[in-house]
Amino acid sequence: MRAQEIRNAFSQYFIRQGHEKHKSSSLVPHNDPTILFANAGMNQFKDFFTGKATPSNRRAVTIQKCVRAGGKHNDLENVGFTARHHTFFEMLGNFSFGDYFKKDAIKFAWELLTVDLKIPKEKLRVTVHESDDEALMIWHKDMGVPLEWIYKLGDKSNFWEMGDVGPCGPCTEIFFDHGAEKSTGTPAGCQEIDDEGRFVEIWNLVFMQFEKYYEGNEIKRKPLPKPSVDTGAGIERIAAALQGKYYNYDSDIFEPIMKAIGGMSGKNYYAENSESIKSSFRVVADHIRSSTMLITDGVIPSNEGRGYVLRRIIRRAVRHLSLLGLKDISFYKLVPAVFESLGQEYPDNAANASLAEKLLKLEEDKFRKTLDTGLSLINEELTKVKMGTKFSGEIAFKLYDTFGFPLDLTEVILREKNLELDSQAFEDAMKRQKEQSKKGGKFKVQEDNLKLFYSLKENFGETNFTGYLETSSKAKLIAKEEIDEKFYLLFDKTPFYGEGGGQVGDQGEIFSAEGKLATIIDTQKPVDGLHVHLSSDADALIVGETYTLNVNNRERELTKRNHSATHLLQSALIKVLGNHVKQAGSSVGPDRLRFDFTHSEALSPEEIANVEELVNNSILKSLPVSADIMTKDEATKKGAMALFGEKYGDKVRVLTMGDFSCELCGGTHVKNTNEIGLFKIIVETSLASGVRRIEAITSTNATDYLLNRSKILTEVEKSFSVKEEKVLIKINALFNDLKDKNKMIETLNDRVQSFESQNLFNSHRSLSNGLTFTLAKAPTADQGNMRKLGDIFVEKFPKGVLFLYALEGDKVSFILKTQKANSNIDCSGLLKQVMPIVNGRGGGKPDNAQGSGEASKTQELLKAIEGVML
């Protein structure tokens, strides 16, 4: 049975059992700071399990895309070298939200495996939690599984929890027996089922009975409102079992990718005898899946967070492509093969395939430029490592910081050489860099305080946001916390917008009947649905009292105009540049807007002008702006554009601007595009490989900007005594005149230098190799002039060697130069011998080298160069 048939069989079985099929959530978790990537099918159903939300159907089935390559769940280092580790995998899952429990969950799993998928019962084994006799008896009495095939295990194996907080409970696992010939032996003190070589877990049934939560700083556990079920079965393992394969990579899931790698490398994975080559195939095959799916879910390669994990995956894959003999940029060419097996189940990802190809090509190109240099540095350092010592942490940090080598890549190379890294030295270097690069920034809710806010949400629920309709309202203060000289204020309702979706949080004031009591300096949403107001002067506010909250209306209005203009900007960029444009970040405040988007090259002046024209035309057309709440499916049918990689709830807010823009958005906006007034792009630049950034202004800020430019133009007109249409003609004429005069000056300088060189180079001493040596002091330390003097020398004296030096302040600069034909001398090697005398730096080629050092030791340098030359 092929993988797509397994997906269909799984989904159809549970649909027949009354389950509703849900689409996979994004790999980027929605408002969940506890996990880096979606790593299980139940991530999107957290609120259903905890009772905070009610599903339309208490039974669900999904095929969830997952990544484990960072944080607590990290399989990256093992990938490629084992039969079953992956960074990207698909989790088949069925769920009960307070509906059926253990008996039905076990029955469904056993029936699907043994009847629908036709796995022989004797090939299956089962584990239960050591305290769960109920599950054990269901397996034995109801399913007919012999007791000797059922194993009791403890918390480590059979109590499941997603993280430090969240739903959890005992579980029962189903294993596939690959046969005695695959046995790696049972560890001492363990049971037969612990033979990981022979028995492979294929399905985990978690019985959600509890929820872990923070109460202050303490983690506690309480029963869930209704016992629930969360199951997960890895399709890669099931496919391997059904297809008679031991390695997941040998199943049909990976076949298109393995063939594509083989086509590029000239090697055949399935006929290859070298385990190291097969491992490189597996690394590349796994990593192209995770890289492609992450990018098409909105993750952009970067140097922090999720983007850094993605970059590590890509660079690890590129190294293994090199090990397979592929030296040209090629990783991106595997993207179509990924969607041969995944495209049918994940059409949204497949629609962004071209973006994945562009970003992967850029990333590989960028890394390959430094890969050879970095590997040379490693190899050079390896020659210095003595027996019993560690590899330099400082060098490892240089590789990381200068050449973009992820630390784990360096560690992999060292492991291959049976060497250990000085990790402490690396951490010390990293710490020093972070301390040097710390900069002041806007106050943010610290991650350490998230426990507090989860507790507040648990106690008081979500904040009622009224800011779409009003900018002033009365509200009761329900919580007040002081941390690091800042007050965190929570009200039962608020008109203040909490920072989110790129829009800054509102500022404003708090009043009582007696007058102003406090200033709100920011509003944030540290956890989803909770609006927290930050203040430095809220000492007088009392919990339980009602106050009037007033948003700074002027700043809110300007922010609304910028936010609405951002929507128009995205639509305009797509129309001008193409559908590959996706939002990669944004920041919208009262002063300006910033929009980051996927595009591989700088915009031309014509493209910028076209984008501005489209946006301003939409403003002039006075397009009505409407916000409607609807289901995700309704929004999709309407053509609403979702934020790249974002996860939305069952109900979404769709913001429409005439027929020009339709997006999902929770921010505040104008009611008509004419309120924006004017739009002007002021900066377009590169943010990262494949990501561009536009900064723009609107409304009165744009008007003031253009008026100021008009004033400057007026002054220029006065200075040149011409009107605006002739200013550029006048400036170009002046530039051309200046260019001609600079050429004349350069020609005169060359003549002067040629004349000076007659006296400068009048002393020659013979060398034993048939050449002559000249030592001279240049009249100026200008590098350009020194190079010209060197060129004049070698032209006049083909068999000569020149050491030319110049002094400037406390620095001495020098060059050693000869004709390329004089192969019996190495200028670069000779300079390296003498530069330490002046604590110098430099280098070059055998015919031309240069450097600089401390001027105070010039005489010692001159004696030394004469010593090595004569």
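The values are calculated or read from the model by the stated rules, or taken from the named source; none is laboratory data. All values reported here derive from a predicted model rather than from experimental measurement. Cβ: placed from backbone, ideal geometry, glycine included. Neighbour counts: every protein chain shown. In case anyone asks, the SASA skips ligands and DNA or RNA and just uses the protein heavy atoms, side chains included. Shrake-Rupley method; radii C 1.70, N 1.55, O 1.52, S 1.80 Å.
Brief remarks on what is shown
- Conditions (1) assigned to a helix (DSSP H, G or I); (2) more than 19 Å from residue 29 (Cβ to Cβ); (3) within 8 Å of the chain's Cα centre (by Cα); number of the one not met by residue 310: (2)
- The set of residues in region 757-807 being of a type in the set (Val, Ile, Thr) and over 54 Å from the mean Cα position of the chain (by Cα) consists of 772, 774.
- Residues (part of a helix (DSSP H, G or I), at pLDDT 70 or above and surrounded by fewer than 16 Cβ atoms within 10 Å (Cβ to Cβ)) located in region 415-448: 415, 416, 423, 424, 427, 428, 431, 432, 433
- Contact annotation: residue pairs with Cβ atoms under 6 Å, 6 or more positions apart or on different chains, pairing a residue in region 606-623 that is within 18 Å of residue 706 (Cα to Cα) with a partner that is among the hydroxyl-bearing types (Ser, Thr, Tyr) and buried (at least 19 other Cβ atoms within 10 Å of the Cβ), are 619/673.
- Given (1) out of contact with any helix residue (DSSP H, G or I) (no Cβ under 7 Å at 6 or more places or on another chain); (2) in a helix (DSSP H, G or I); (3) under 16 Å from residue 102 (Cβ atoms), number of the condition residue 169 does not satisfy: (2)
- Yes/no for residue 523 being surrounded by fewer than 19 Cβ atoms within 10 Å (Cβ to Cβ) and among the β-branched types (Val, Ile, Thr): no
- Flag for residue 215 being over 23 Å from residue 83 (Cα atoms) and open to solvent by 30 Å² or more (accessible area, probe 1.4 Å): yes
- Residue 84 being of a type outside the set (Phe, Trp, Tyr), modelled with pLDDT under 95 and surrounded by fewer than 22 Cβ atoms within 10 Å (Cβ to Cβ): yes
- Any hit, region 793-812, residues being open to solvent by less than 80 Å² (accessible area, probe 1.4 Å), more than 25 Å from residue 854 (Cβ to Cβ) and in a helix (DSSP H, G or I): yes
- Residue within region 506-525 that is under 22 Å from residue 699 (Cα atoms), outside any strand (DSSP E or B) and free of Cβ contacts under 8 Å to residues at least 60 places away in the same chain present: yes
- Within region 369-395, residues that are open to solvent by 70 Å² or more (accessible area, probe 1.4 Å) sit with their Cβ atoms under 8 Å from residues that are among the charged types (D, E, K, R), at 6+ positions apart or across chains, in these pairs: 390/420; 390/422.
- Among the residues making up region 1-24, a single one is in a loop (DSSP other than H, G, I, E, B), in contact with a Ser or Thr (Cβ under 8 Å, 6 or more places away or on another chain) and buried (at least 18 other Cβ atoms within 10 Å of the Cβ): 24.
- Condition check for residue 582: surrounded by fewer than 19 Cβ atoms within 10 Å (Cβ to Cβ) and touching a residue at least 12 places away in the same chain (Cβ under 8 Å): no
- Single residue of 656, 714 found to be more than 30 Å from residue 528 (Cβ to Cβ), outside any loop (DSSP other than H, G, I, E, B), more than 27 Å from the chain's Cα centre (by Cα) and modelled with pLDDT of 85 or more: 714
- Among residues of region 2-49, those that are among the basic types (Lys, Arg), closer than 20 Å to residue 98 by Cβ and at pLDDT 85 or above, counted: 1
- Each residue in region 838-847 was checked for being open to solvent by 60 Å² or more (accessible area, probe 1.4 Å) and under 13 Å from residue 814 (Cβ atoms), and 1 pass.
- Among the candidates 720, 761, residue that is aromatic (Phe, Trp, Tyr), open to solvent by less than 90 Å² (accessible area, probe 1.4 Å) and within 30 Å of residue 822 (Cβ to Cβ): 761
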